[in-house]
1. Can you pull out the residues in region 377-406 that are open to solvent by 80 Å² or more (accessible area, probe 1.4 Å), under 22 Å from residue 448 (Cα atoms) and assigned to a helix (DSSP H, G or I)?
2. Can you pull out every residue in region 263-281 that is open to solvent by 60 Å² or more (accessible area, probe 1.4 Å) and either of a type in the set (A, V, I, L, M, F, W, C) or touching a Leu at 6+ places or on another chain (Cβ under 9 Å) (or both)?
3. Given the criteria open to solvent by 40 Å² or more (accessible area, probe 1.4 Å), charged (D, E, K, R) and farther than 30 Å from residue 165 by Cα, does residue 235 qualify?
4. Can you list residue pairs whose Cβ atoms sit under 7 Å apart, with the first residue in region 269-289 being within 21 Å of residue 169 (Cα to Cα) and acidic (Asp, Glu) and the second being modelled with pLDDT of 95 or more and open to solvent by 20 Å² or more (accessible area, probe 1.4 Å)? Count only pairs 6 or more apart in sequence or on different chains.
5. Pairs under 8 Å by beta carbon, first residue closer than 16 Å to residue 309 by Cα and modelled with pLDDT of 95 or more in region 155-184, partner among the aromatic types (Phe, Trp, Tyr) and open to solvent by 30 Å² or more (accessible area, probe 1.4 Å), six or more apart or different chains?
6. Considering only region 227-260, state which residues are of a type in the set (A, V, I, L, M, F, W, C), touching a helix residue (DSSP H, G or I) at 6+ places or on another chain (Cβ under 9 Å) and in a helix (DSSP H, G or I).
7. For region 238-253, give me the residue count where each residue is more than 13 Å from residue 180 (Cα to Cα) and either under 29 Å from the mean Cα position of the chain (by Cα) or buried (at least 19 other Cβ atoms within 10 Å of the Cβ) (or both).
8. In region 282-324, which residue that is of a type in the set (Val, Ile, Thr) and farther than 19 Å from residue 184 by Cα is most open to solvent (accessible area, probe 1.4 Å)?
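The values are calculated or read from the model by the stated rules, or taken from the named source; none is laboratory data. These numbers come from a predicted model, not from an experiment. Positions of Cβ are generated from backbone atoms using ideal geometry, with glycine treated the same way; all protein chains shown enter the neighbour counts. These accessible areas exclude ligands, DNA and RNA; they are computed on the full protein's heavy atoms, side chains included. Shrake-Rupley method; radii C 1.70, N 1.55, O 1.52, S 1.80 Å.
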Amino acid sequence: MIKPRTPPGVMELLPRDQIAFQRMLDTIRRNFERFGFLPVETPVMELTEVLLTKSGGETERQVYFVESTGARANNAQDGDSRGTPELALRFDLTVPLARYVAEHEAELAFPFRRYQMQRVYRGERQQRGRYREFYQCDIDVIGKDSLSVRYDAELPACIYAVFSELDIGAFTIQLNNRKLLRGFFEANGIADGELQALVLREVDKLDKRGADYVRDVLIGSSFGLAEDVADRILDFVGVRSDSHADALAKLAALGEGNDSLRQGVAELREVLELIRALGVPEANYALNFSIARGLDYYTGTVYETTLNDYPGLGSICSGGRYEDLASHYTKSKLPGVGISIGLTRLFWQLQEAKLVSTADSSVQVLVTQMDDAHLPQCLALASELRAAGLNTEAVMEPSKLGKQFKYADRAGIRFVVVLGENEIAKGTATVKDLRREDQFEVARSELARTLRVELEQSRVMK
């Protein structure tokens, strides 16, 4: 006998946890669509030469290559058993998006507003809470030749709508701008673009590693920055705002500065004003000058969203502005702005923090059966309830009523309908509400309406 076990790094849920996960997906999708984003799906496999164009090093070491038996046989015939396979599993949704937009550029309307909610695959080192297969939920707005910074304000409004409806606790959308950071670094003698990128990567570790760690790295042999420069950097990236007015005041306090600093300040100021115009409460957004995002292709606004009461969870949604999405695949300039929710890891974190719980079953009604002679009547009733929009399961084999109640309770089904000989004779049905632990009899003609009313009242009470 082979012991059944899932491979490491995958999330496999029991049905009612899967329902909770699926409802989060549905909530995210619904809000993406409310903001005018269109669905896109790309293949789980991409051509290796396309997928790995922008990657290398650690990213390439985490890629899952796809090699069929036929490919191995062909390689062996060619005398090459170690050739790079032609296909690989996508490791994020950004590279497939770049390929998709470049390939379909002539058929798309710009600005192109897309959402994508699919699994991605990475050969992560095995550890608790890290996944090799996981869902990403992305939105991006892609322009052709140019894209107004005004779109940078729309994404926080969508983030606010998503996490408000998910109802997982108070959260803050933290904003910064890479131009502002670069302008500050240039003013402090860090003008080299490569060195700036390395410093930004260290700054991005501030919340995880702490100020002392980052300072030691910056003044160490790898960077060799003067201690006063490192201290000014840490003071600068320690800036936070606690209100809309405070955010504007902190931007104004930066003064004129150089071109990069002025552009970053101007863009952040416009984004903040439009976020407020879009109805996002000021308690839900703030400046955070330490937000840098580690990826080099971010060029302007950057975002990270955190739960106020659970800072240890880190960012639950992140992204930013980039100037050229698909330069490796087309000569067209395709700037954009986007955000991503890593839902699989987020769901695991929320479960660990007890912020999400096992959901009720998606089955709302169980129609019991105690006698084979009543099976046609029970099946007809189940069909009536389904036609009325109620998710209904019918028991197909007669058994003791207590056993059927126990099954419904364990499966998370709220309503159990009994249609016995007495009920059939009177044209009624008996309903057991397992949540309220009460029982009532209702005319069969009124059963569906009564159950819908009960369910609607429960939704209102929530």
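1. 384, 386, 387
2. Passing the criteria: 263, 269, 273, 277, 278.
3. yes
4. 282/243; 282/276
5. Close Cβ pairs (under 8 Å, with a partner that is among the aromatic types (Phe, Trp, Tyr) and open to solvent by 30 Å² or more (accessible area, probe 1.4 Å)) amount to 173/160.
6. 229, 230, 233, 234, 236, 237, 245, 247, 248, 251, 252 - these are the residues of region 227-260 that are of a type in the set (A, V, I, L, M, F, W, C), touching a helix residue (DSSP H, G or I) at 6+ places or on another chain (Cβ under 9 Å) and in a helix (DSSP H, G or I).
7. Adding up the residues that qualify gives 7.
8. 306
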